[in-house]
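Asker: Below you will find the structure I want to go over with you.
The values are calculated or read from the model by the stated rules, or taken from the named source; none is laboratory data. Since the structure is predicted, the reported quantities are computational estimates derived from the model, not experimental observations. Neighbour counts are summed over all protein chains in view; Cβ atoms, including those assigned to glycine, are modelled from backbone coordinates with ideal geometry. Calculation scope for accessible area: heavy atoms of the full protein, side chains included, ligands and nucleic acids excluded. Shrake-Rupley method; radii C 1.70, N 1.55, O 1.52, S 1.80 Å.
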Amino acid sequence: MLDQETALSRLEELDRTYFLHPMGDLGAPPGTLPQVIFTSGRGAEVTDLRGRTYIDAMASLWNVNVGHGRAELADAASEQMRSLAYTSAYNGFGSPPAIELAAKLAELAPGDLEVTFFASGGAEANDTAYKLARLYWYVQGQPGRNTIVSRVRDYHGLTLGAMAATGIDLFKTQFQPVTPGFLHAPSPDPYRYEAANGESAGVHYARAVEQVILDAGPETVAAVVVEPVQGAGGVIVPPPDYFPQLRQVCDRHGVLLIADEVITGFGRTGRWFAQEHWGIQADLMIFAKGVTSGYLPLSGVVLSRHIHDVLRAIKGTLPHGFTYSGHATACAVGLRNLQVIEEEGLVERAAQLGERLLGGLRRLERHRIVGNVRGLGLMAGIELVCDSSTKERFGPEMRVAPRVAAKALEQGVIVRSLPLDVVGVCPPFVISEEQLDHVVEVLDRAVEEVAADV
């Protein structure tokens, strides 16, 4: 019988040999990367194979909103699996959990976003939204309206269609040719905007989207897709007048507006959905991650009543679907997860703790390499720069966010290094005030140590 250390080493070797990790460093020499294999979690903490506990200040991947180890979600999955784990949703088939969850989403979603198409992950849901937007115009006799406008620094996923919409070159350079039919407008980054002609940042960036539409020809554009808060692109919170202006731009040119709420949905920003902060409603809304708090894969697109009515004019088969659309067990877990969020007041808690998080992180702006701190609800970013007085960025070979994240990990706090040298923080809603304050303290020390070396 193997001793414990030998058994642990064997598992680590199997991981290195047989598991191709997403976003893994393929060029790293063996043994040079931190290898962390998690075995359990409770609340805002996770424990690794060797018994070390960490504060999960990224909610794993922006998604474990209700925290780890929720027995009620495991029970919901078990109960559903014992009765009906899965059945196809094709051709009118269905299950009670999928129907009930669709109805619950109609209750929670803004305005008349009422009808849900289910998928498994955020990229699948993005691809679905683009196809439904094109189908919307096709059935109205305008098949030429097929271009999707996204924005630089938006992240929409890494399937071929979602990758084309994603506005981060890092994820596309080595996968040419990129799927055609996608254009990109500037990121609505108010932190680097220099006012011109008295124009507000929100108006400026909304007009930038409009210019892309005009240059393409409005008669060729199906939809604009946006993250309400850009996540992997650096936690960019748009100017307050941006979305009202963008809604007007889309209406003026008859273009659909798609809100990608994969990260921001289900309370992450202190509202059920981020678009509520600006009093607007998209025509289609993409969701994933927080709908089950990551306990099972589930995503979807919620359509407005008008979009659904137009699509019904097909009077035939909807030529789109996935094997696991409306997966019964995933939907049962989603229903129970939303019940937990409501019963425990976690949307309100995310708003309150978000203020505490931002207040603490803003103390880091005293460091020379911190350009700014920004965020909304329990979603924050720390932008690192050569010098805070000039906001000049480090070159690609000198990125320091990975070093800050590595030092935080050494001290038992998990955060994420994002493109353009931003450290992302996105803890579970159930994190305690003490744990949140500890995250800030660790990041403060990590930034100070890195600043001393650059």
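Asker: Filter the stretch 200-222 down to residues that are touching a Pro at 6+ places or on another chain (Cβ under 7 Å) and open to solvent by 10 Å² or more (accessible area, probe 1.4 Å), then give me how many there are.
Answerer: 4
Asker: If a residue must be within 21 Å of Val422 (Cα to Cα) and of a type outside the set (A, V, I, L, M), how many such residues does the stretch 165-183 contain?
Answerer: The qualifying residues number 6.
Asker: Confirm whether Arg10 is closer than 19 Å to Gln411 by Cα, charged (D, E, K, R), at pLDDT below 95 and open to solvent by 70 Å² or more (accessible area, probe 1.4 Å).
Answerer: Spelling it out, it is not the case that Arg10 is closer than 19 Å to Gln411 by Cα, charged (D, E, K, R), at pLDDT below 95 and open to solvent by 70 Å² or more (accessible area, probe 1.4 Å).
Asker: If you don't mind, there's one more thing I want to ask. Starting from residues that are surrounded by 15 or more Cβ atoms within 10 Å (Cβ to Cβ) and of a type in the set (Phe, Trp, Tyr), keep the ones in the stretch 171-190 and report whichever is nearest to Ala208 (Cα to Cα).
Answerer: Out of the qualifying residues, it is Phe182.
Asker: Report, by residue number, each residue of the stretch 385-423 that is buried (at least 16 other Cβ atoms within 10 Å of the Cβ), under 28 Å from Trp278 (Cβ atoms), of a type in the set (D, E, K, R) and touching a residue at least 40 places away in the same chain (Cβ under 8 Å).
Answerer: Arg416
Asker: Search the stretch 297-314 for residues that are under 30 Å from Ala74 (Cα atoms) and pair each with any residue that is hydroxyl-bearing (Ser, Thr, Tyr) and part of a helix (DSSP H, G or I) when their beta-carbon atoms are under 6 Å apart and the residues are at least 6 apart or on different chains.
Answerer: Val301/Thr128
Residue by residue, here is whether (1) acidic (Asp, Glu); (2) closer than 30 Å to Leu84 by Cβ holds:
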site	(1), (2)
His320	no, yes
Gly334	no, yes
Glu348	yes, no
Leu353	no, no
Leu357	no, no
Gly360	no, no
Arg368	no, no
Gly371	no, no
Met379	no, no
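Asker: Considering only the stretch 358-384, state which residues are surrounded by fewer than 18 Cβ atoms within 10 Å (Cβ to Cβ) and over 19 Å from Val454 (Cβ atoms).
Answerer: Gly359, Arg362, Arg363
Asker: Quick check on this structure: which one of Ile341, Ile314, Ile307 is surrounded by 21 or more Cβ atoms within 10 Å (Cβ to Cβ) and more than 22 Å from Asn65 (Cβ to Cβ)?
Answerer: Values: Ile341 fails: more than 22 Å from Asn65 (Cβ to Cβ); Ile314 fails: surrounded by 21 or more Cβ atoms within 10 Å (Cβ to Cβ).
Result: Ile307 is the single residue among Ile341, Ile314, Ile307 that is surrounded by 21 or more Cβ atoms within 10 Å (Cβ to Cβ) and more than 22 Å from Asn65 (Cβ to Cβ).
Asker: Right, next: Can you work out which of the residues in the stretch 268-300 that are within 14 Å of Val66 (Cα to Cα) and among the aliphatic types (A, V, I, L, M) is most open to solvent (accessible area, probe 1.4 Å)?
Answerer: Step by step, filter the stretch 268-300, then rank; the result is Leu296.
Asker: Just the residues that are part of a loop (DSSP other than H, G, I, E, B) and either basic (Lys, Arg) or crowded, with 16+ Cβ neighbours inside 10 Å (or both), please, taken from the stretch 431-454.
Answerer: Of everything in the stretch 431-454, just one residue is part of a loop (DSSP other than H, G, I, E, B) and either basic (Lys, Arg) or crowded, with 16+ Cβ neighbours inside 10 Å (or both), namely Ile431.
Asker: Follow-up question, since we're still on this one. Going by what's in this entry, would Ala106 be described as open to solvent by less than 60 Å² (accessible area, probe 1.4 Å), touching a Gly at 6+ places or on another chain (Cβ under 7 Å), closer than 30 Å to Ile307 by Cα and part of a helix (DSSP H, G or I)?
Answerer: So Ala106 fails the test.
Asker: Among the numbered criteria (1) out of contact with any helix residue (DSSP H, G or I) (no Cβ under 8 Å at 6 or more places or on another chain); (2) touching a residue at least 40 places away in the same chain (Cβ under 8 Å); (3) open to solvent by less than 30 Å² (accessible area, probe 1.4 Å), which one does Val225 miss?
Answerer: The number of the failed condition is (1).
Asker: Would it be correct to say that Glu100 is open to solvent by 50 Å² or more (accessible area, probe 1.4 Å), in contact (Cβ under 8 Å) with a residue 40 or more places away in the chain and part of a strand (DSSP E or B)?
Answerer: Criteria not met by Glu100.
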